[in-house]
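Accompanying notes for the structure given below.
Just so it is clear, none of the values below were taken in a lab; they were calculated from the coordinates. Computed from a prediction, not measured in an experiment: that's the story for all the values here. Cβ atoms come from the backbone with ideal geometry, glycine included; neighbour counts cover every protein chain shown.
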There are 2 protein chains.
Amino acid sequence: MVVDKLSKHLSNAEIDRIFQALADATRRDIVARVTAGEYSVSGLAALYTMSFAAVQKHVAVLERASLVTKEKRGREQIVRGNHEGLQKARHLLDQLETIWRQRADRIADILAEDDEKDLP
Amino acid sequence: MVVDKLSKHLSNAEIDRIFQALADATRRDIVARVTAGEYSVSGLAALYTMSFAAVQKHVAVLERASLVTKEKRGREQIVRGNHEGLQKARHLLDQLETIWRQRADRIADILAEDDEKDLP
DNA sequence: ATATCGTACAACCAAATGGTTGTAGATAAG
DNA sequence: CTTATCTACAACCATTTGGTTGTACGATAT
């Protein structure tokens, strides 16, 4: 199987986990919220109609993807955005964007060459 | 259930499809390849050890996520990167990045305020 | 001391995923 | 015409996913 590594620092498995973690609206909402402030797991669970255990699982998925961290404070578990993980994700997305833009640039170049042929 | 819409133009279902499509190394490889050139489905299938049908399914997932288009040419089906879809994905990722960066900036501001308090 | 709160975790379930093989229909090549 | 190629699609299978309920346990409040 030929699968290019998109990053020297992120394994394909890590990238899989990041994208899969973000492929759910509830989890994206959790990321947005804990990136803008602190929430306990039950504090998060109160925001959604699903069960506490379901939210707990969503947080676990985000944690495995390094997008979020948990820290025990008293009897609560505080969830925060993991800036290192988020930065990794951002870097990864930059790389993907670069590949796509290179393609766009190549097309632009080809079109530019055609234009030159039309010059006097 | 409270789930913020991250975009006026992309539904949560569309975003789900985009991230999930990218949550597989083979599919990311396909996106990279068809973004850099043209491939038939069988041309793609030749690159991987899995069956033709499996690759066909991966392409279908990418197509449903609007990251790729198929066009019939003779008996072949040509797969290309869908620039509109890719741009949507890029825009979406920019928005996520903005949210994360705003958080970082807010932290920087808070730290800056603390520094000011230490001034003479 | 006891009840309550926040969490962890197991067991279970339905549906989706990622893969397989097999069959069938167009299209191209001999 | 016959054969080989490319694609589509169905049926099946194992595993994962997203959800549930129930139980147990440490921390907190009354």
In nm, one decimal, shortest first: how far is the label point of B:Arg64 (7 Å from Cα along Cα to beta carbon) from the matching points in the other copies? 2.1
Distances in nm between the label point of B:Glu76 (7 Å along Cα→Cβ) and its equivalents in the other copies, shortest first, are 6.0
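Only sites in a loop by DSSP and with at most 10 other Cβ atoms within 10 Å count here; which trypsin sites (Lys or Arg not before Pro) in the stretch B:13-87 make the cut?
B:Arg75
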Got the A:Phe52 label distances to the other copies yet, label 7 Å along Cα→Cβ, in nm, shortest first? 5.5
If amide hydrogens are placed 1.01 Å from N in the peptide plane, which non-local residues have theirs closer than 5 Å to the one on B:Gln77? B:Val41, B:Ser42
